[in-house]
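Trainee: First, the structure itself, so that you have it in front of you.
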Amino acid sequence: MTRENNLAERVAILDAGAQYGKVIDRRVRGLAVRSDLLPLDTPYEQLQDYGAFILSGGPESVYGPDAPHPDPKLWGAGKAILGICYGMQLINQAFGGSVAPKGTREDGHTTIAVDPTAIIFDGLNETQNVLMSHGDSIDEVAEGFKTAGTSGEIVAAIADDARKIYGVQFHPEVDLTDNGVAMIENFLFKVAKLEATYELTDRLEDALQYIREIVGDRQVLTFASGGVDSTVCAVLVGMALPPEQINVVHVDTGFMRHEESQAVKRALATVNVTLDVVDAGEQFFNATTTINGNETPPLKEVSDPETKRAIIGDTFMAVMDRVVAELKLDPNNTVLAQGTLRPDLIESASHLASSKAVTIKTHHNDTHLVRKLRDAGRVIEPLKELHKDEVRILGEQLDLPAELIWRQPFPGPGLAIRLLCAEEPYITPDFDDINTKLQEFADDDIGVQLLPVRTVGVQGDGRSYSYLAGLSGSADWHRLLQKAQAIPKKVHDVNRVVYIFGDPINEPIRDITPTLPTPEAVEQLRRADQEVNEVLREYDLNEALSQVPVVSFPVHFGTPGNRSIGIRTFITNDFMTGVPATPGENLPLEALDEMVERLLAIPGISRVVYDLTAKPPGTTEWE
């Protein structure tokens, strides 16, 4: 048996629905060990030849009626096992320990104490900065295991060196765990005794071969937004196929940035990609779709974020049909090329990424109509195994201009999902109780108030759609960031925390400006986005800050009819986890002050807020 096909030198990553399952796969392969991502319940007969196992995190509770479990034969196989988050809880439960919900959940960067005598922590310091994302915790540690890590009173790691079984409550696979790669390396080489024999294949050649094999002699329609993902996809299609098979289209949805479509056309021309711009703004604003058998209202009358995303994604497919007809292509002989990335599929809960993941947000390139087209063999996605940083590396291999590679990411649905919509304030019966809980985080010069809107987040590998909390008063950024990290851990109904510029907010906020995705509301946000991006360019921040969504939300702060603007800076490599920029460190205070001044000069804007939330518990986008 060749080493390439020798399962004894491979790791089976058993997926329980983790948001970060593919990131584990990346980390293992990055350490030159082959890995396969498999369903958690894969029969052991199919697993028995693997050299080691990693059990991923997941959104369920191990004691729940629908909790997924591995084949029980796994536990007695004598193979090295590493359980991550939910995976650790499975291990503890399987060996007689208990798991229970605790009063405090952990979401975000946390400092833990570890036992360096446990092999998995060999060579590391006794304190480690890690990413936590869980509500349940180990109650009683299973017999034979020692507690190898703690986060206060919470068990953060367990170890049984004799049986080569380890569990960590945090996520070593993500960038926010400072020494996570070293921990995985210890597991692979010091526990499982695997060999680093895997050589990364040439992704460029793999992508070209994939395109040629799937497309054959069919026509290809490529949607190019101008971002690095769709640009790399379009260039790859151009390299793989003759020009007569290629049709590249940019769709102006009406939700684009200021003069975005013209800029995209100019930028892609620099890499010899010629595209047609399709003006579909009116079609998108008035579009409907069918969800669970019911037709939606037109997009311009919709406030629910998932419904907006579904309408926009399905309308892209309708535009595709329109373009195919205008170009006189055979719809049954035309393939759609998309720059879909692995995080898109994970957050959309696509079966291509995971069989157990829950939907965080539906990406426009993975709606039910896209999935139907994919099932019919009419979609190619040459980047679907990659993350943003890997696509940028591929872009460098292709000699793409830096301004394209490092262009600020912009979501396919555009400003439509950066415009938080609501027809009435979000106030649940426990609004005042939640606000009272928040007051324990207030002090003499920093106040905190619950805001009557919701944003999308990710907590414990599951989707949350919860309250936004606002801090005001002193702009002591380190204290503000500490409070923002602590609040969601104690107040579980909050998944995002912002700082509100201006006078302190001392009274509860209970009203909003009713807002729908109308052209007027989008145009106001478009101007706000333009102002922020001009400052980013002036201060040369586009590469230092991975992404800076500019968000409109309907809280008017005492001036009915007005809205407010959120600035969401985000620093990340993998786009699955990340942290906000710290003003005065990653973001010059002068630049932030200029953003705020420009935004407040826009008619109809009451306040500007700065998003202080890491991911998790907040997603990159607010919707």
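FYI, it's all coordinate maths here, none of it is from the lab. Worth saying up front: this structure is predicted, and the values here are computed from it rather than measured. Cβ: placed from backbone, ideal geometry, glycine included. Neighbour counts: every protein chain shown.
Trainee: Which log10 I(q)/I(0) values, to two decimals, does the chain give at q = 0.08, 0.11, 0.12 Å⁻¹ under the Debye formula with one point per Cα?
Mentor: The Debye formula, applied to the Cα set alone, gives -0.58, -1.12, -1.31.
Trainee: Using the beta-carbon distance between residue 543 and residue 330 and R0 = 56 Å, what value does 1/(1 + (r/R0)^6) give for FRET efficiency, to the nearest 0.05?
Mentor: It comes to 0.85.
Trainee: Roughly how many nanometres apart are two label points built 7 Å out from the Cα toward the Cβ at residue 77 and residue 427?
Mentor: A separation of 5.6 nm, rounded to one decimal place.
Trainee: When the Kirkwood radius is taken over all Cα pairs of the stretch 3-191, what Stokes-Einstein diffusion coefficient follows at 4 °C and 1.567 mPa s, in µm²/s? Display every interim value, and only then the final one.
Mentor: Values: Rh = 16.1 Å.
Roughly 80 µm²/s, to the nearest whole number.
Trainee: What are the ³J(HN,Hα) values, in whole Hz, obtained from phi via the Karplus relation 6.51 cos²θ - 1.76 cosθ + 1.60 with θ = phi - 60°, for each residue of the stretch 510-518 in sequence order, with x given for Gly and Pro?
Mentor: Each residue's phi maps through the Karplus curve to give 10, 9, 9, 8, x, 9, 10, x, 8 Hz.
Trainee: Fully extended, how many nm does the chain gain between residue 585 and residue 8 (0.36 nm per residue separation, minus their Cα-Cα distance)?
Mentor: That pair, residue 585 and residue 8, stretches by 203.0 nm at full extension.
Trainee: For the stretch 262-335, would you read off the P(r) tail past 20 Å as a percentage of all alpha carbon pairs?
Mentor: That fraction is 48 percent.
Trainee: When a/c reaches 1.5 or more, the comparison of a/b and b/c decides; with that in mind, is the stretch 127-267 rounded, prolate or oblate per its Cα gyration tensor?
Mentor: Verdict is prolate for the stretch 127-267.
Trainee: Now for a different question. Which residues does the label zone of residue 98 cover in the stretch 119-154, counting backbone N under 19 Å from a point 7 Å along Cα→Cβ?
Mentor: Label zone hits: 135-147, 153-154.
Trainee: Any chance you could check the Cα centroid distance between the stretch 553-610 and the stretch 487-548 for me, in angstrom?
Mentor: That distance is 4 Å.
Trainee: Say each of residue 321 and residue 506 gets a label point 7 Å from the Cα, pointing the same way as Cα to Cβ; how far apart are those two points in nm?
Mentor: In this crude spin-label approximation the distance works out to 5.9 nm.
Trainee: Given axes a ≥ b ≥ c from the Cα gyration tensor, I'd like to know whether the stretch 203-415 is rounded (a/c under 1.5), prolate (a/b larger than b/c) or oblate.
Mentor: rounded
Trainee: Please work out the FRET efficiency for the pair residue 196 and residue 63, using the Cβ-Cβ distance as r and a Förster radius of 41 Å; give the result to the nearest 0.05.
Mentor: Taking R0 as 41 Å, the efficiency between residue 196 and residue 63 is 0.60.
Trainee: Normalised by the empirical 2.2 N^0.38 Å for globular proteins, what value does the Cα Rg of the stretch 501-560 take? Before the final figure, lay out each step's value.
Mentor: On the way: Rg = 14.8 Å, N = 60, 2.2 N^0.38 = 10.4 Å.
Compactness ratio reported: 1.42.
Trainee: Give the shape of the stretch 431-611 as rounded, prolate or oblate, defined through the alpha-carbon gyration tensor: a ≥ b ≥ c are the square roots of its eigenvalues, a/c under 1.5 means rounded, and otherwise the shape is prolate if a/b is larger than b/c and oblate if not. Walk me through the numbers on the way to the answer.
Mentor: On the way: a/c = 1.39, a/b = 1.14, b/c = 1.22.
Note, shape of the stretch 431-611 comes out rounded.
Trainee: Which of 308/328; 22/388; 102/489; 388/615; 22/489 have a Cα-Cα distance over 19 Å?
Mentor: From 308/328; 22/388; 102/489; 388/615; 22/489, over 19 Å: 308/328; 22/489.
Trainee: Give me the distance in nm between label points sitting 7 Å out from Cα along the Cα-to-Cβ direction at residue 143 and residue 399, one decimal.
Mentor: Inter-label distance under the simple model: 6.8 nm.
Trainee: Next up: At a Cα cut-off below 14 Å, give the aspartates and glutamates reachable from residue 490, other chains included and same-chain residues fewer than 8 away excluded.
Mentor: 106, 107, 136, 433, 440
Trainee: Using amide H atoms built 1.01 Å from N in the peptide plane, name the residues 5+ places from residue 80, or on other chains, whose amide H lies under 5 Å from its own.
Mentor: So residue 80 has HN proximity to 53.
Trainee: Follow-up. Would you be so kind as to identify which of 187, 508, 100 lies farthest towards the positive end of the dipole of the chain, taking Lys and Arg as +1 and Asp and Glu as -1 on Cβ and the Cα centre as origin?
Mentor: 187
Trainee: Would you kindly derive the ³J(HN,Hα) couplings of the stretch 286-295 from the backbone phi angles with the Karplus curve 6.51 cos²θ - 1.76 cosθ + 1.60 (θ = phi - 60°), listing them in order in whole Hz, with x for Gly and Pro?
Mentor: Per residue, the Karplus-derived 3J(HN,Hα) values read 9, 6, 10, 8, 10, 10, 6, x, 10, 6 Hz.
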